[in-house]
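Note sheet for the following structure.
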Amino acid sequence: MRVITLNDDEALIAYAKPIVSELRANRARVDADFSATPFKAKISNAEQLRVHTMMVIGGHPKTTFLF
């Protein structure tokens, strides 16, 4: 699973980090991308790495979607 934020906003990253920690605590293999890279590039990169589940975090109010 890869957790992706829409941008590198500190509030989004602060929201996403505990989610990543909780998933890892439950022995899920999780990778995170909190970079300033454009969103489409983050999705494309995850697809190239054959990541089968992506959790996208962002927007107002904070929303989370699973793909």
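Within the range 15-45, list the trypsin sites (Lys or Arg not before Pro) lying in a DSSP loop whose Cβ has at most 11 other Cβ atoms in a 10 Å radius.
Hits after loop and neighbour filter: 27, 29.
Count charges around residue 30 for me, please; just the other residues with Cβ under 14 Å from its Cβ, Lys/Arg as +1, Asp/Glu as -1.
Once positives and negatives cancel, what remains is +2.
Taking 37 °C and 0.692 mPa s as the conditions, I'd like the Stokes-Einstein D for the range 2-66 in µm²/s, using the Kirkwood hydrodynamic radius from alpha carbon pairs.
In µm²/s, the coefficient rounds to 276.
Quick one: dipole size for the chain, taken about the Cα centre, charges +1 on Lys/Arg Cβ and -1 on Asp/Glu Cβ, in debye to the nearest 20.
It comes to approximately 260 debye.
Each value in this text was obtained by applying a stated rule to the coordinates, not by laboratory testing. Note that this is a predicted model, so its numbers are computed, not measured. Because the Cβ atoms are built from the backbone with ideal geometry, glycine has one as well, and the counts that use them run over all protein chains shown.
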